[in-house]
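Reviewing the structure listed below.
The values are calculated or read from the model by the stated rules, or taken from the named source; none is laboratory data. Please read these numbers as outputs of a predicted model, since none were measured by experiment. For neighbour counting, all protein chains shown are included, and Cβ atoms are generated from backbone atoms with ideal geometry for every residue, glycine included.
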Amino acid sequence: MRFNRTRMTIGAGVAFAAVSLFLTASSMNRGGKTENTEGKRIYNTYCLACHGMDGNGNGPDAHLLKVKPTDFRKGVFRFKSTAGSALPTRGDIVRTLELGVRTTAMLPQLQLSHDQMEDVAGYVMSFCPKFRTEKPGKVVPIPAAPPRTVALIKEGKSLFTTCAVCHGTNGEGDGPIAATLKDDNGRPIRPANLTERPLKRSNTPREMYRTIACGVNGTPMASFASSFKPRQIWSLVYYIESITKNPNPGKKLVGEEKIGAKIDKAAYEAWMKSGK
Ligand code: HEC
Ligand code: HEC
């Protein structure tokens with residue numbers, strides 16, 4: 001019994017919400033094994049070194065890293081399809097496993113099959129009690145991209161004044177308050193240099209749209225879904241793409257990915273062999 005298929009056949013309404021909450025909270029049965037047992041096995045093999053036995057982000061290798069592994073107990077996830085501080089969906093965690101968090105030690109986890117990603121995502125969620133009492137936030141829709149015109153890029157450039165206080169007038173991450181920013185854990189955090197690739201997550205137009213609309217939870221980068229219309233968010237995406245110096249950086253390891261590759265050899269090798 002696959003979770004996604006179950007969700008689809010149950011249909012809409014209260015019954016759906018109640019049943020899907022129940023399924024999220026309990027351990028689900030897939031192919032005779034309970035998912036949490038499998039999720040735990042995968043976690044202890046591939047994630048524990050950085051994220052720690054009880055998900056607190058303080059695994060045996062975490063001291064090697066400047067950008068620290070996420071403490072899953074808090075339920076603060078940066079990259080997700082729900083706005084602001086809302087909980088992510090399980091699919092959001094799976095997407096993090098597919099894409100990694102570029103420039104950090106969190107490599108794409110392509111040594112795992114899709115089902116294994118689902119299982120370990122469920123196990124990650126079990127570290128945080130909030131997932132048992134709160135529903136994930138509403139998924140922010142990403143409407144079809146309008147044609148990329150010179151006028152729209154110009155509009156994005158003028159809207160970018162909202163962003164410049166952190167990201168700098170030219171998007172280089174050097175705005176007037178850039179050096180003063182801290183994340184929710186009190187660690188200094190720099191606004192992204194938007195002229196460089198890869199960014200942590202926003203390396204395709206859709207993912208960048210999602211980042212601007214949903215924000216980067218746990219950092220000063222707010223959700224702009226309610227301040228801008230979809231067309232305006234697309235204009236920002238097009239503008240930021242237009243100032244990129246190296247649009248296709250390829251698979252070269254960047255920043256702490258190099259340390260990640262040493263800690264997490266299985267993920268590194270699978271990523272290098274993959275077409276992604
Ligand atoms: C080599 C160290 C390392 C390993 C191994 C690792 N991670 Fe991470 N992970 C990190 C770091 C560092 C971050 C924080 C990135 C940031 O905050 O920008 C992170 C972040 C995350 C996030 C949160 C992303 C977000 O939206 O905030 C999830 C989910 C995650 N890891 C899951 C996993 C899972 C599941 C595994 C095992 C299959 C795993 N990680 C293996 C280092 C690692
Ligand atoms: C208050 C400061 C602040 C403002 C204002 C701000 N940002 Fe950010 N932004 C950040 C920080 C900090 C990060 C880095 C988050 C991280 O590294 O986890 C970031 C990251 C990003 C990223 C990259 C995410 C990734 O994948 O690495 C994009 C794209 C982005 N911002 C776009 C924008 C746009 C567009 C605006 C204006 C509409 C904006 N930001 C306004 C602070 C800000």
Residue tally, condition within 15 Å of ligand 1 (Cβ to nearest atom), under 13 Å from the mean Cα position of the chain (by Cα) and β-branched (V, I, T), over segment 175-213: 1
Residues of segment 246-258 satisfying the condition of being at pLDDT 95 or above, at negative phi and either surrounded by fewer than 16 Cβ atoms within 10 Å (Cβ to Cβ) or in the same structural domain as L99 (by TED's automatic domain parsing) (or both): V254, K258
Matching option when the condition is away from ligand 1 (no atom under 13 Å from the Cβ), of a type outside the set (V, I, T) and within 21 Å of the chain's Cα centre (by Cα), among E118, E98, E172, E134: E134
Subset of segment 149-171 (residues that are in a helix (DSSP H, G or I), among the small types (G, A, S) and free of Cβ contacts under 8 Å to residues at least 40 places away in the same chain): A151, S158, A164
Tally, over segment 200-236, of residues that are in a loop (DSSP other than H, G, I, E, B), more than 9 Å from ligand 2 (Cβ to nearest atom) and among the charged types (D, E, K, R): 1
Segment 237-276 - residue that is closer than 17 Å to L64 by Cα and β-branched (V, I, T) and, of those, nearest to ligand 2 (Cβ to nearest atom): V254
Residue match in segment 145-164 (condition: surrounded by 17 or more Cβ atoms within 10 Å (Cβ to Cβ) and under 30 Å from F72 (Cβ atoms)): yes
Residue identified as outside the structural domain of M106 (by TED's automatic domain parsing), more than 27 Å from P108 (Cα to Cα) and surrounded by fewer than 16 Cβ atoms within 10 Å (Cβ to Cβ) among T169, T204: T169
